[in-house]
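The values are calculated or read from the model by the stated rules, or taken from the named source; none is laboratory data. Because the structure is predicted, anything quoted here is derived from the model rather than measured. Positions of Cβ are backbone-derived with ideal geometry, glycine not excepted, and every protein chain shown enters the neighbour counts. The accessibility values were calculated without ligands, DNA or RNA, using every heavy atom of the protein model including side chains. Shrake-Rupley method; radii C 1.70, N 1.55, O 1.52, S 1.80 Å.
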Amino acid sequence: MTRSSNKLNVHALVWKDEQLHVLDQRQLPEVVRYDIYTKADDIAEAISTMRVRGAPAIGVAAAYAVALSVKMYFQADNNNWLDKVDEDIAVLAASRPTAVNLFWALSVMRDKLTGLKADPIADILRHAEEIHQQDIAANKKMGELGADILADAKGLLTHCNAGALATGGYGTALGVIRSAVARMPRNVFAGETRPWLQGARLTVWELAEDDIAATLITDSAAAMLMNSGQVDWIIVGADRIAANGDVANKIGTYSLAVLAKHHGVKLMVVAPTSTIDFAMQEGSQIEIEQRAASEFLPDCYAGENSLIDAWNPVFDVTPAELVTVIVTERGAIFNPVTTGVSELNQND
Ligand code: MRU
């Protein structure tokens, strides 16, 4: 049974004393440690090594990284600082390929660089803080919208970690779960999410920190859980949503979506519009990150002469036809397969 709470004790990123404090997600749940970052290329490394991860959090971290880059180079040489900042932006853009929030945040921050006011350092930091605060506000809005849709649904299954740890704060999928649980008790299930175990190491830790009880399952138990009738909705985040409503998210989301269809379970995708790539027509165009075999291949099979390798795509694409609803801060789109998501584009 779920205890009801809408507390928020978890913060992946904290801007303090002109430095970015990053909760090292590789160490959770055993060690809760914040590292201090003052350089953009170090933040790029924190992103590629998944010390900070989750699409919106990657975007927020990149925005602060650009602010730190301006601080460093504007102070050192206020004639050529822009070229140096552009070099840092290129390094940040190469840190991970799939989450579009990274490229969105870098593009927003790059646009601001040309119109900075009298105090460029303070001005660009204000823009990074805006991206951070807007993400939290979007999550809270989506939390309420999603909770309205869930109404009296009892059993909720989430995948990966799409919580405060993966965002500026509050969370997308976990934000909906937070808001829904604050209204009435629900049974929350979390998939362990192989190979990196974001569900087992991050999601259940984050929920426990906020006094929300949850049941962890192995990824392989999802079909049996759905067959048992204990799940009404699967609720996930996204790394990139194409204009036609196809959704890239953590590997295993597609499997859950296929299982959900078979079992009559609904699928809710929760993501801010910064996760929508309006220029991308369909999910097959999304670059899927491949990570090292060593993330799950036993050490004894490592090495050039080994006959055994591993295939490690860390995201997959769920076709829009398997998605019941996409919830954004600009509203929810039911049956995205019929309309896509272009109506949410405010630049049209
Ligand atoms: O590889 P990760 O941990 O960065 O993957 C994260 C996910 O797939 C999340 O579900 C997604 O970024 C949405 S986070 C609100």
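Some points to look at:
- Projected label distance in nm at ALA93 and LEU197, using a 7 Å step from Cα toward the beta-carbon: 3.6 nm
- Maximal additional length on extending the VAL258-GLU282 stretch stands at 6.8 nm, based on 0.36 nm per residue less the C-alpha distance.
- Expected-Rg normalisation [2.2 N^0.38 Å, Cα atoms] applied to segment 13-135: 0.99
- For q = 0.08, 0.10 Å⁻¹, Debye-computed log10 I/I(0) when each Cα of segment 143-344 counts as one equal scatterer: -0.26, -0.40
- Segment 143-344, accessible surface, carbon-and-sulfur percent (1.4 angstrom probe): 52 percent
- Segment 13-135, relative contact order in percent, only Cα pairs under 8 angstrom and at least six apart counted: 24 percent
- 19 Å reach of a label modelled at PHE296, 7 Å along Cα-to-Cβ, counting backbone N of segment 253-274: 253-260
- Sorting the segments 170-178, 228-236 by their mean number of nearby beta carbons within 10 angstrom, highest to lowest, gives 170-178, 228-236.
- In the assembled protein chains, TYR34 presents an accessible area of approximately 90 Å² (probe radius 1.4 Å).
- Extension gain from ASN80 to GLU45, taking 0.36 nm per residue of separation minus the Cα-Cα distance: 10.2 nm
- Binned Cα-Cα distance frequencies in the chain - 20 Å width, integer %: 32, 57, 11, 0
- Unsatisfied cross-links (Cα-Cα over 21 Å) in the set LYS39/LYS71; LYS39/LYS140; LYS141/LYS261: LYS39/LYS140; LYS141/LYS261
- Take the Cβ atoms of ASN305 and LYS154, set R0 to 56 Å, and the FRET efficiency comes out at 0.60.
- The listed residues GLU304, GLU30, once ranked by accessible area (1.4 Å probe) with the largest placed first, stand as GLU304, GLU30.
- Among beta bridges from DSSP that stay inside segment 143-344, the antiparallel ones total about 40%.
- The heavy atoms of THR49 offer some 30 square angstrom of accessible surface to a 1.4 angstrom probe.
- Distant alpha-carbon pairs in segment 121-210 (separation over 21 angstrom), percent: 35 percent
- For the chain, the solvent-accessible area of protein heavy atoms averages 42 Å² per residue (probe radius 1.4 Å; ligands and nucleic acids excluded).
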